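Note sheet for the following structure.
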Amino acid sequence: MIDILDKRNCCGCNACGDICPKGAIRFETDDEGFLYPVVDKSLCINCGLCDKVCPQTNAERFRQELKEPECWAAAHRNNYIRFDSTSGGAFSAFANVIYAQHGFVGGALINEERRLVQFISDNPQDLERLRSSKYTQSDAQGFYKAVKNAVLTGHPVLVCGTPCQMVALRALLGENYSNLFIIDFVCRGLNSPLPGQAFRKWQEEREGSPVIYSKAKNKELGWHKLTNKVVHKNGKITYWTRDNSPMTHCYLNTNAFCRPSCYECKVKGTPRFADVSVADCWGAETLFKGQLAQDIGTSLIMINNAKGRELFEKAKPYMYCQEMPWDIVHAGNGMINNPLPPPKYPRDEVFAIIREKGFQGLMDKFVLPDWEAQKRTTVRQKIKARIKRWLWLLRQARATRCNTLFLLFRWLFDNGILKIFQGAPIARVLRMNAHLENDGVLSLGGDFEIGGGSIRHVPEGSIIQIRKGGKLTTKGSVGMMYGACVEVHEGGELTIGDKFGANTGLTIVCGGKITIGEDVMCGRHVTLRNSNGNHPMNIPGAKNSRPLVIGDHVWFCENSTVMNGVKIGSGAVIGSYAVVYDNVPANTLVMGNPAKVVMENVQWKR
């Protein structure tokens with residue numbers, strides 16, 4: 001009879017509840033949000049079946065054939081699937097094989113009640129919900145029975161879950177069915193749902209709008225950013241990267257969100273327990289070229305037995321694949337063998353803060369102090385960085401003409417020696433015929449470059465004109481290639497977010513207010529303007545200038561034009577030669593003159 005005296009001895013697989021012939025085992029949630037079995041002794045007949053399926057005591061007898069698995073780097077050939085997957089889409093490729101044979105596929109999904117549960121079906125439309133890691137422990141009550149029923153139909157069955165869940169499945173079935181294929185993944189640890197719920201509530205309160213969509217490891221800013229994309233009902237889109245996400249920081253740095261059993265995991269190491277194991281293939285960009293080196297996710301596939309090899313061979317046509325040596329895989333993925341490190345902070349303190357103060361309590365206690373500590377560097381490091389910065393600026397001044405020298409003196413005048421030594425942003429104008437008029441305000445929040453490019457001698461100059469009363473403000477790094485023309489008229493306010501990049505021939509005409517978000521990219525000869533040059537027209541409601549607002553991570557393709565009064569949602573793509581007069585929804589592709597939405601749910605990577 002299952003009797004949990006020490007929570008480290010329960011991995012929460014739920015298999016004991018499914019195997020119990022009398023329904024004597026129910027599951028209760030503890031104050032950390034994890035499920036634990038509770039036995040009704042009045043119903044229990046002491047048959048011992050619950051003990052026989054427990055991964056904590058039975059794992060070793062289910063290890064598979066290969067001590068050193070056959071390893072492959074892989075990425076799905078369908079870019080939509082690859083973008084929508086946590087890694088390279090290997091699970092979807094395996095699922096494609098099973099669905100093509102009218103089989104069943106099982107895994108974790110978020111149900112209508114917003115609970116993460118294990119689920120199995122023969123409907124290919126469910127794959128989109130099954131795909132991708134959810135980073136929370138799933139509830140598997142009833143799942144093992146459902147898998148057995150599917151297996152007994154004789155159709156092929158593919159099941160994916162945590163290593164402990166897949167050990168429990170093997171133990172519960174008691175037989176190695178030929179039509180059942182089991183996949184597990186390299187697991188860091190099983191998170192409680194409580195931190196995620198607290199983070200969601202914190203975001204909703206912060207924005208004043210419910211969260212309607214959330215995607216872990218979104219690829220739009222690159223796979224390595226570990227971005228969590230969040231969409232609110234009011235249209236606000238936030239990209240939480242590994243550098244700015246308090247949730248990711250807590251998960252990776254406190255090690256306190258996971259189940260107590262994860263610190264002494266019984267299912268680590270090799271041989272593994274599933275037919276195939278999948279993971280992130282970190283470092284693929286240094287090992288491979290072409291598709292596998294793209295920063296949009298690459299899967300690591302480990303084949304653990306003959307059945308796994310059979311499944312892999314059928315799935316290969318769906319993927320770009322290249323074999324990898326085991327020693328590189330083993331050295332580069334420590335979580336294959338190593339359990340979760342001990343928590344950095346007391347677990348009871350962490351979960352007490354979550355219950356009593358919500359996610360803001362975690363921010364105040366753990367996140368903000370850590371981030372402040374990371375910002376602090378030694379005096380020697382600061383001096384070395386500043387000297388390197390000054391030498392770089394002087395080299396640029398020698399390589400160009402007076403405009404760079406003018407900006408150097410302007411930079412000195414605006415910031416002062418002390419601020420510059422502390423790392424004030426650098427502005428530089430390249431190309432000998434670049435021109436700058438600055439009767440207004442140039443406020444830099446990061447390094448600013450205009451006129452750059454790989455061609456050394458070009459006829460096109462670059463111009464920045466900020467008239468009296470105008471203001472150009474940057475929030476981070478900004479780069480514009482040669483041929484750029486930026487005009488801020490009297491009283492105009494142009495604000496450009498971090499990581500703005502433009503190819504040749506960019507034109508910005510700001511007669512009122514233009515706001516550009518972060519990570520915006522412009523192709524060749526893009527025009528952004530919110531002023532018609534004070535030319536009256538007999539059109540009802542026509543105005544000389546109306547605000548132009550551009551969200552984060554927007555891509556303007558070659559020769560596209562955006563007119564005044566337009567709001568462009570985050571993640572949108574403006575097609576080549578499109579002329580935009582009306583608002584553009586987030587994550588859409590618009591084309592034509594006038595521009596119209598031709599595709600929704602678009603994702604792109606810079």
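The values are calculated or read from the model by the stated rules, or taken from the named source; none is laboratory data. The structure presented is a predicted model; accordingly, all values stated were derived computationally and were not measured. Please note: Cβ atoms are built from the backbone with ideal geometry, for glycine as well, and neighbour counts cover all protein chains shown.
Observations on the model:
- Among the residues of the stretch 38-48, the ones that are among the aliphatic types (A, V, I, L, M) and more than 43 Å from the chain's Cα centre (by Cα) come to 2 in all.
- Put simply, of D3, D51 the only residue that is over 36 Å from the mean Cα position of the chain (by Cα), acidic (D, E) and at pLDDT below 90 is D3.
- Test: residue in the stretch 194-202 that is surrounded by fewer than 17 Cβ atoms within 10 Å (Cβ to Cβ) and within 15 Å of V276 (Cα to Cα): no
- Considering the stretch 315-338, the residues that are out of contact with any strand residue (DSSP E or B) (no Cβ under 7 Å at 6 or more places or on another chain) and crowded, with 19+ Cβ neighbours inside 10 Å include one that is nearest to P195 (Cα to Cα), namely I336.
- One residue stands out in the stretch 349-367 among those that are under 26 Å from the mean Cα position of the chain (by Cα) and among the aliphatic types (A, V, I, L, M): the one that is nearest to C262 (Cα to Cα), namely V350.
- Scanning the stretch 472-523 for residues that are polar (S, T, N, Q) and over 13 Å from G451 (Cα atoms), we see that the one that is farthest from the chain's Cα centre (by Cα) is T473.
- Among the conditions (1) among the β-branched types (V, I, T); (2) in contact with a Lys or Arg (Cβ under 7 Å, 6 or more places away or on another chain); (3) at pLDDT 95 or above, T254 misses just one, which is (3).
- Meets criteria (charged (D, E, K, R), surrounded by fewer than 18 Cβ atoms within 10 Å (Cβ to Cβ) and either touching a residue at least 24 places away in the same chain (Cβ under 8 Å) or farther than 27 Å from G33 by Cα (or both)) for E128: yes
- Within the stretch 94-112, the set of residues being touching a residue at least 40 places away in the same chain (Cβ under 8 Å) and under 21 Å from the mean Cα position of the chain (by Cα) comprises G107, A108.
- Contacts under 6 angstrom Cβ, first residue in the stretch 150-173 being in the same structural domain as D139 (by TED's automatic domain parsing), partner part of a helix (DSSP H, G or I) and of a type in the set (S, T, Y), 6 or more apart: L169/Y144; L172/Y144
- Of the helices (runs of 4 or more DSSP H) entirely within the stretch 254-348, those holding at least 2 residues that are more than 26 Å from the chain's Cα centre (by Cα) and in the same structural domain as A74 (by TED's automatic domain parsing) occupy 306-315, 326-332.
- Looking only at the stretch 21-30, and only at residues there that are part of a loop (DSSP other than H, G, I, E, B) and in contact with a Leu (Cβ under 9 Å, 6 or more places away or on another chain), the one that is surrounded by the most Cβ atoms within 10 Å (Cβ to Cβ): A24
- Residue within the stretch 194-205 that is over 30 Å from Y239 (Cα atoms), touching a Phe, Trp or Tyr at 6+ places or on another chain (Cβ under 8 Å) and in contact (Cβ under 8 Å) with a residue 12 or more places away in the chain present: no
- Number of positions in the stretch 39-82 that are in a loop (DSSP other than H, G, I, E, B), among the polar types (S, T, N, Q) and within 18 Å of C164 (Cα to Cα): 1
- For the condition in contact (Cβ under 8 Å) with a residue 60 or more places away in the chain, assigned by TED's automatic domain parsing to the domain that holds G308, out of contact with any Cys (no Cβ under 7 Å at 6 or more places or on another chain) and surrounded by fewer than 24 Cβ atoms within 10 Å (Cβ to Cβ), N123 does not qualify.
- Among the residues of the stretch 183-233, those that are within 30 Å of K7 (Cα to Cα), touching a strand residue (DSSP E or B) at 6+ places or on another chain (Cβ under 6 Å) and small (G, A, S) comprise G189, A216.
- Across the stretch 586-606, the number of residues qualifying as of a type in the set (G, A, S) and crowded, with 18+ Cβ neighbours inside 10 Å comes to 2.
- Single unsatisfied condition, F104 versus (1) assigned by TED's automatic domain parsing to the domain that holds C281; (2) more than 19 Å from A274 (Cα to Cα): (2)
- Just so you know, in the stretch 563-600 the residues that are farther than 19 Å from P547 by Cα, among the hydrophobic types (A, V, I, L, M, F, W, C) and not in a loop (DSSP other than H, G, I, E, B) include one that is nearest to the chain's Cα centre (by Cα), and it is V573.
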